[in-house]
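Comments concern the structure below.
The values are calculated or read from the model by the stated rules, or taken from the named source; none is laboratory data. All of these numbers come straight from a predicted model, not from anything done at the bench. For neighbour counting, all protein chains shown are included, and Cβ atoms are generated from backbone atoms with ideal geometry for every residue, glycine included.
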Amino acid sequence: MKRRKGDFANSYIGHPVTDVAHMKVGLIRGDLFSHDTPLLVLPVFQGEARLEGAAARADELIGGAFGRARKAGDFKGKEEDFFLHYRSEEGGPTRIAFVGAGRREDADAEVARKVAARAVRRAESLSLTSISVHVPVSRMGGVEVGVQAAAEGGVLAAWDFRELKSTAESRSNGDGPDQGDDGKAQSSGEDAPPPLVNELWIHPDGESDGAERSLKAGAAFAEGENLARLLQWRPGNVATPAHLASVALSLAEEHGFTSRILGPGEMEAERMGALLSVAAGSEQEPRLIVLEHHGGEEGDSPIALVGKGLTFDSGGISIKPSLGMEDMKYDMSGGAAVLGAMKAIGVLDLPLNVVGVVPASENLLSGKATKPGDVIRTRAGKTVEIINTDAEGRLILADALSYVVDRYRPDAVLDCATLTGACVLALGHHAAAVLGNDEELIEEVRAAGDRASERCWPLPLWKPYRKQLESPVADLKNVGGRPAGTITAAWFLSEFVGDARWAHLDIAGTAYGEPRAPYHRKGGLGFPTRLLLEWVRSRVR
Ligand code: BES
Ligand code: MN
Ligand code: ZN
């Protein structure tokens with residue numbers, strides 16, 4: 001990361017700044033209009049009779065030009081609406097932009113995320129790398145919620161995956177060229193992508209002692225999610241199980257986590273027959289990644305985050321159709337989210353004990369691959385008849401879950417996995433499924449998803465579904481047939497958590513794909529990193 005020395009100390013006296021993100025994120029306190037910026041963005045709600053507060057003052061500053069645009073019906077306040085003015089005066093903002101914020105009644109934390117994200121995207125299209133955004137947080141959940149959300153939206157929007165495009169820009173690792181005095185990026189070639197925004201100033205319409213903490217939390221949550229995205233976007237030949245392990249080791253180094261990486265030998269010793277059976281068809285060795293964050297009291301039992309880290313899912317011998325199979329590089333999205341969450345937990349040094357676990361493997365075919373009809377023995381001792389080698393996620397998770405439950409006696413376990421296509425049919429792309437063995441925990445997780453706007457919705461883990469997993473030759477089958485595929489998959493996992501409190505997120509429909517918000521780009525979305533973080537933080541006593 002490039003950062004010019006001295007920036008912080010000299011230029012921004014009096015403004016709290018956080019550098020936990022790849023970019024600089026700061027709070028503007030005091031007069032918004034004397035803050036020098038190449039672009040000041042102000043949101044305006046739909047159907048407002050008259051401008052208020054900062055927006056009204058900004059319009060005064062530009063001689064009422066925006067008011068005339070509103071009067072002409074050219075700006076209604078809908079989410080896509082945009083008005084841009086170039087000031088001629090020296091000092092303060094060079095450009096003033098108004099963006100639509102939708103209806104005032106609908107304003108919430110997610111609107112703060114979207115406003116900040118749209119502001120960042122506008123800056124990007126103008127090749128500006130620094131912006132300021134006014135956020136009416138009083139309408140968006142209050143100062144603390146609103147500031148966190150705006151920081152999240154801005155930092156998420158300013159991220160892109162550029163490391164594998166061989167332009168001059170990407171060779172400098174996406175940091176972009178330095179800016180000149182006008183805030184404009186210098187010397188991008190004609191077809192180079194615009195530089196990424198690297199400086200975001202947030203101006204809330206209220207004060208709170210917690211504002212700085214919220215700013216830092218928002219930036220850290222988003223940066224954790226950006227790490228998850230980075231790992232998601234990296235293709236299967238880059239983001240191998242060993243690669244995920246080495247990323248985990250760097251996190252451990254950076255944040256003081258205790259780490260433990262198990263390879264095939266250690267897995268043999270642990271009798272992890274399920275994880276090993278999935279890895280059997282691949283030349284890439286599997287890894288079981290374990291990170292421990294010791295932020296709480298010594299003897300306090302930790303909470304556990306477990307994520308499916310299947311770095312490429314071909315289906316194995318029960319091979320998948322080739323159309324769209326490239327998306328199965330995203331089958332490690334759960335593991336990516338756990339590593340992203342651990343990063344933010346480390347950055348914020350949250351005061352509790354957390355263990356993050358990622359079973360990582362490929363699911364390929366070869367003469368050594370597991371076959372339908374094979375029976376394998378899990379770490380927990382239960383035998384499984386493999387009906388379909390494409391139901392591999394539950395196998396690697398079975399061994400990871402029994403390992404974490406036995407070894408750490410966690411207070412609660414939350415796993416996330418791109419586990420079933422059935423989940424996409426049930427809930428589509430706007431909610432993950434949540435299932436588990438403890439109603440209170442499920443409700444905690446659901447509520448955390450609401451706060452993060454990474455939503456999940458419960459499916460029932462009722463006893464009658466269990467019958468679908470009965471096998472004539474082993475303790476269990478690895479698939480329960482077509483009906484209720486998400487529920488039978490969760491039933492399978494539940495067999496390996498003992499009596500631990502446990503909840504499971506099926507993120508097959510939400511982890512990647514088309515953008516659902518202005519802070520997304522098509523591809524890995526980072527979901528559910530911020531959900532995990534909201535849940536972990538809610539567990540701090
Ligand atoms: N990784 C897939 C699930 C998946 C499907 C994720 C679509 C994202 C989008 C998982 O390993 C899988 O193949 N599941 C099978 C299970 C079936 C064989 C019981 C499925 O859902 O088809
Ligand atoms: Mn599969
Ligand atoms: Zn899979």
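What are the residues in region 276-329 that are of a type in the set (S, T, N, Q) and within 22 Å of the chain's Cα centre (by Cα), if any? I'd like the intermediate steps shown before the answer.
Our first condition is that a residue be of a type in the set (S, T, N, Q); within region 276-329, this holds for 277, 282, 284, 301, 311, 314, 318, 322.
The one that is of a type in the set (S, T, N, Q) and within 22 Å of the chain's Cα centre (by Cα): T311.
Any residue in region 18-40 that is under 30 Å from I345 (Cα atoms) sitting within a Cβ distance under 6 Å of a residue that is of a type in the set (G, A, S) and crowded, with 22+ Cβ neighbours inside 10 Å? List the pairs, counting only those 6 or more apart or interchain.
T18/A219; V20/A219; V20/A220; A21/A219; M23/A158; V25/A151; V25/A219
Across region 369-396, which residue is nearest to the chain's Cα centre (by Cα) among those that are within 20 Å of G307 (Cβ to Cβ) and crowded, with 23+ Cβ neighbours inside 10 Å?
First, the residues of region 369-396 that are within 20 Å of G307 (Cβ to Cβ): 378-380, 390-396.
Subsequent filtering for residues that are crowded, with 23+ Cβ neighbours inside 10 Å retains 378, 391-396.
Working: T378: 31, A391: 25, E392: 23, G393: 20, R394: 22, L395: 24, I396: 22 Å.
Among residues in region 369-396 that are within 20 Å of G307 (Cβ to Cβ) and crowded, with 23+ Cβ neighbours inside 10 Å, the one nearest to the chain's Cα centre (by Cα) is G393.
Could you tell me whether L348 is among the hydrophobic types (A, V, I, L, M, F, W, C) and surrounded by fewer than 24 Cβ atoms within 10 Å (Cβ to Cβ)? Steps first, please.
Numbers: among the hydrophobic types (A, V, I, L, M, F, W, C): yes; surrounded by fewer than 24 Cβ atoms within 10 Å (Cβ to Cβ): yes.
Criteria met by L348.
Which strands (runs of 3 or more DSSP E) does region 410-528 wholly contain that include 2 or more residues that are within 16 Å of ligand 1 (Cβ to nearest atom)?
Details: elements: 412-417, 432-436, 456-458, 502-506.
Hits in region 410-528: 412-417, 432-436, 502-506.
Hey, among P286, P235, which residue is modelled with pLDDT of 95 or more and surrounded by 20 or more Cβ atoms within 10 Å (Cβ to Cβ)? Show your work before the answer.
Details: P235 fails: surrounded by 20 or more Cβ atoms within 10 Å (Cβ to Cβ).
Answer to the selection: P286.
Mind checking which residues of region 351-368 are surrounded by fewer than 20 Cβ atoms within 10 Å (Cβ to Cβ) and within 16 Å of ligand 1 (Cβ to nearest atom)?
As a first pass, look at region 351-368 and keep what is surrounded by fewer than 20 Cβ atoms within 10 Å (Cβ to Cβ): 351-352, 365-368.
Correct list: L365 only.
Among the residues of region 300-336 satisfying the criterion of being small (G, A, S) and under 13 Å from S361 (Cβ atoms), which is surrounded by the fewest Cβ atoms within 10 Å (Cβ to Cβ)?
The first filter runs over region 300-336 and keeps only residues small (G, A, S), leaving 301, 304, 307, 309, 314-316, 318, 322, 324, 333-336.
Next, from what is left, pick out any that are under 13 Å from S361 (Cβ atoms): 307, 309, 314, 316, 334-335.
On the way: G307: 35, G309: 33, S314: 23, G316: 27, G334: 33, G335: 35.
The extreme case among them is S314.
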